[in-house]
Amino acid sequence: MNADTTGHHAGPHVVVAGGGIAGLAAAHRLAVAGHRVTLLEAGPRLGGKLLAGEIAGAPVDLGAESLLARRPEAVALARAVGLGERLQAPGTTTASVWSRGELVPMPKGHVMGVPGDARAVEGLLSAEGVRRIGLDAELPPTEIGDDIAIGAYVAARMGHEVVDRLVEPLLGGVYAGDAYRISMKAAVPGLFEAARTRPTLGDAVRAVQQAGAAVPADAAGAATGLGGSVFLGIDGGVGTLPGAVADAVRAAGGEILADAPVTGLRRTGATGWQVVSGDRVLTADAVVLATPAGPAAALLAPHAPTASAELDAIEYASMALVTLAFRRTDMPALAGSGFLVPPVDGHTIKASTFSSQKWRWVTDRAPDLFVLRTSVGRHGEEEQVHREDADLVAASLKDLAAATGLTARPVATAVTRWTGGLPQYPVGHLARVARVREAVAALPGLRVAGAAYDGVGIPACIASAHRAADEIIATSKRADPGAGHSL
């Protein structure tokens, strides 16, 4: 094997494994702090599930399309790498639910689909479903314990219909998972904490709303200076963020290598590491593993078998995005930013976003086109994601016609698969993450980050990266200032 000979630098050398947004954010944080950074990405491109693309000449996001502005991490990073002027609020945030064959406006006054008042969901649920929500006030308090599945808890308090028609499609859009398995503590922590101290679920929802954490939360979005929007996009696509962060890392002296999978870790001395990537061996003072759980588990197996086993147990869901471009003159009138689809109704698609109405930059660059996208697949539905492109397009068009009356043929289509793209957060997930971090912390100079830990959203991934980087920075300040040389 060839030893790394990139030369001597004053700052400690940190190797970051993984070039998704978490790895890039960690590399940026470390490089700005004066560390010498080498980022190794296993694949040919950076960005993970952030991917900017094009369809029929129109720029589109082929992966994640928005940033949660309620949390500061993603917006702050975008501004730090020069994208502040390109942050853009959605043109509309009015969405619908395609339920029982009708597009029904998304109810107001809920927390991840859980209503604080049964009257808010009268247009979406049956009369019996609305009546069942009211029984929450008559039930004795539920013992929640250390964690509980949000679907099971809400169904027990308010009935299955509110879960199946509202909570499930909302959570499915975030996790591509099953609400009856998803950890309430991990997915909706504010509601979890409120429910532990309130006598009813409705009381807990109203407490969250009163605390300013409900959806929508204009005051939270107002901090961005972009009209109080809870979500933001980036002109040209959220998929342009990874490239901007990578440029900033390089400008700060960092090195980024694609097609460079990390295949091994070796301890050197009390605190150092050797990182094996192909025929290259890098000597590092610290390492950040910002890979999915599976690769991280394999790398940790010789050094932290407990953490490795915990990570290996994390399951992932796959999904596909079907992007369609139509002539605008062929389109029926469509309202809002799109719609969600309750899985209980048995349709193929789980949601549709009207990109040309949601994001002004799409229309500005392709005014004669109407671009929309659908999503297909969730945990346990691998067979859906791996259908032929033409089948996924046909299924999307069939569902779109039934939901909206759209009968036009697209002028262009694109199918993007995210195989094993979304980690699942079942009951006990946060306790598992705590065990992983405790085991990893026993290894000097090693930290983990990414979507498998504290949240699958972009801000959460960035926050986990900053946590890992900050812990390494804090440790390096106490270490030998002469460390950081390379073989």
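Data table
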item: Candidates 366, 395 - the one that is touching a residue at least 40 places away in the same chain (Cβ under 8 Å) and within 26 Å of residue 316 (Cβ to Cβ); result: 395
item: Residues (open to solvent by 40 Å² or more (accessible area, probe 1.4 Å) and assigned to a loop (DSSP other than H, G, I, E, B)) located in segment 236-274; result: 252, 253, 258, 259, 261, 263, 269, 270, 271
item: Test for residue 431: is it assigned to a helix (DSSP H, G or I), without any contact (Cβ under 8 Å) to a residue 24 or more places away in the chain and among the small types (Gly, Ala, Ser); result: no
item: Residue identified as in contact with a strand residue (DSSP E or B) (Cβ under 6 Å, 6 or more places away or on another chain) and at pLDDT below 95 among 69, 74; result: 69
item: Residue ID - most open to solvent (accessible area, probe 1.4 Å), chosen from residues in segment 93-104 that are touching a residue at least 40 places away in the same chain (Cβ under 8 Å) and on the phi < 0 side of the Ramachandran plot; result: 93
item: Leading residue by the ranking (most open to solvent (accessible area, probe 1.4 Å)) among those in segment 376-418 that are in contact with a helix residue (DSSP H, G or I) (Cβ under 7 Å, 6 or more places away or on another chain) and at pLDDT below 95; result: 378
item: Test for residue 280: is it over 30 Å from residue 58 (Cβ atoms), open to solvent by 30 Å² or more (accessible area, probe 1.4 Å) and of a type in the set (Lys, Arg); result: yes
item: Tally, over segment 42-63, of residues that are more than 19 Å from residue 244 (Cβ to Cβ) and assigned to a strand (DSSP E or B); result: 2
item: Index of the failed condition, residue 443 passing every other in (1) open to solvent by less than 40 Å² (accessible area, probe 1.4 Å); (2) within 30 Å of residue 327 (Cα to Cα); (3) over 23 Å from the mean Cα position of the chain (by Cα); result: (2)
item: Exclusive hit being over 18 Å from residue 457 (Cα atoms) and touching a Pro at 6+ places or on another chain (Cβ under 8 Å), set 80, 120, 74; result: 120
item: Those residues of segment 449-459 which are open to solvent by 10 Å² or more (accessible area, probe 1.4 Å) and outside any loop (DSSP other than H, G, I, E, B), in sequence order; result: 458
item: Neighbours by Cβ (under 9 Å, 6+ apart or cross-chain): first from segment 56-67, over 17 Å from residue 78 (Cβ atoms) and open to solvent by less than 20 Å² (accessible area, probe 1.4 Å); second among the basic types (Lys, Arg) and assigned to a strand (DSSP E or B); result: 60/373
item: Some residue of segment 472-481 being at negative phi, surrounded by 21 or more Cβ atoms within 10 Å (Cβ to Cβ) and modelled with pLDDT of 95 or more; result: yes
item: Cross-chain or 6+ apart pairs with Cβ under 9 Å, segment 194-223 first and of a type in the set (Asp, Glu), then modelled with pLDDT of 50 or more and open to solvent by 60 Å² or more (accessible area, probe 1.4 Å); result: 203/137; 218/227
item: Some residue of segment 85-98 being in a helix (DSSP H, G or I) and over 23 Å from residue 255 (Cα atoms); result: yes
item: Some residue of segment 385-400 being hydroxyl-bearing (Ser, Thr, Tyr) and over 16 Å from residue 52 (Cα atoms); result: yes
item: Qualifying residue in segment 82-92 (condition: closer than 21 Å to residue 341 by Cα and either among the small types (Gly, Ala, Ser) or open to solvent by less than 10 Å² (accessible area, probe 1.4 Å) (or both)); result: no
item: Segment 113-144: number of residues that are assigned to a loop (DSSP other than H, G, I, E, B) and open to solvent by less than 50 Å² (accessible area, probe 1.4 Å); result: 6
item: Boolean, residue 368 is in contact with a His (Cβ under 7 Å, 6 or more places away or on another chain) and at pLDDT 95 or above; result: no
item: Lone unmet requirement of (1) open to solvent by 60 Å² or more (accessible area, probe 1.4 Å); (2) at pLDDT below 95; (3) assigned to a helix (DSSP H, G or I) for residue 225; result: (3)
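The values are calculated or read from the model by the stated rules, or taken from the named source; none is laboratory data. The shown structure was predicted, so the numbers you read here are calculated from the model rather than taken from an experiment. A quick note on method: Cβ atoms are made from the backbone with ideal geometry, for glycine too, and the neighbour counts reach across all protein chains shown. Just the protein is used for accessible areas: all its heavy atoms, side chains included, with ligands, DNA and RNA removed. Shrake-Rupley method; radii C 1.70, N 1.55, O 1.52, S 1.80 Å.
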